[in-house]
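> Below you'll find the structure I mean.
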Amino acid sequence: MMKRLLTVTMALLFGIGSASMANATGEHGGHGSKTSQEKMDHGSQSGHESGGHGSMGNTFSHEAVVDGIRAEFQVMSLDEMKMNDPEGNTHHVMVKFFNQSTKEHTTKVIGKIKVIPPSGKEQVASLKDYSGIYAANFTVEGKGKHGIICLFKINDNKHLVKFWYKPE
């Protein structure tokens, strides 16, 4: 029953998040360039989230703090990682969670990630736990901006992070 409730709730939030991400496309016109100093303003989305992103090599990184939880994301090409996905996905999105005030690594997280490419063909996958690092694989199509939405739950509290990824 709890699992079904969580699934329905996440589906509803992803629907709302998808509309918000689609509406935000025009608001971040220059967004998506990959410099390590670039900051992203998400104040209009939740009032609690702040973050920045950049790249090191071909690994795109994004960090956000929402409701006292720091989420550190990395998006990487499976090909460049010399990995194959049995379902044919092309990219790996991983995230680590930390308590912002104590700096402790947070485990026991339940979550999903949605990727929205320029084509609008949404992909949703559950985060899999790899010893405290959570990840999911996706197919990244084209060179335009891809919206990434992460909905996660820690200790019965739900949190939402959104950001843009622009593959080279």
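Coordinate-derived values only; no laboratory data. Just so we're clear, the structure is a prediction, and the values are computed from it rather than from any experiment. Note that each Cβ is placed from the backbone with ideal geometry, even for glycine, and that neighbours are counted across all protein chains shown.
> Would you mention how many residues in the range 65-80 are in a loop (DSSP other than H, G, I, E, B), closer than 14 Å to Thr106 by Cβ and among the charged types (D, E, K, R)?
Going through the range 65-80 one residue at a time, the tally reaches 1.
> Of the residues in the range 110-139, how many are among the β-branched types (Val, Ile, Thr), crowded, with 20+ Cβ neighbours inside 10 Å and without any contact (Cβ under 8 Å) to a residue 60 or more places away in the chain? Steps first, please.
Here is the first cut: in the range 110-139, the residues among the β-branched types (Val, Ile, Thr) are 110, 113, 115-116, 124, 133, 139.
Among the residues that remain, those that are also crowded, with 20+ Cβ neighbours inside 10 Å are: 113, 115-116.
Narrowing the set further to residues that are without any contact (Cβ under 8 Å) to a residue 60 or more places away in the chain leaves 113, 115.
So the answer is 2.
Condition check ((1) closer than 21 Å to Phe60 by Cα; (2) touching a strand residue (DSSP E or B) at 6+ places or on another chain (Cβ under 9 Å); (3) surrounded by 17 or more Cβ atoms within 10 Å (Cβ to Cβ)) across all residues:
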position	(1), (2), (3)
Asn99	no, yes, no
Lys143	yes, no, no
Cys150	yes, yes, yes
Lys158	no, yes, no
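> Failed condition for Glu87, given (1) touching a Lys or Arg at 6+ places or on another chain (Cβ under 6 Å); (2) exposed (fewer than 12 other Cβ atoms within 10 Å of the Cβ); (3) not small (Gly, Ala, Ser), with all others met?
Condition (1) is where Glu87 drops out.
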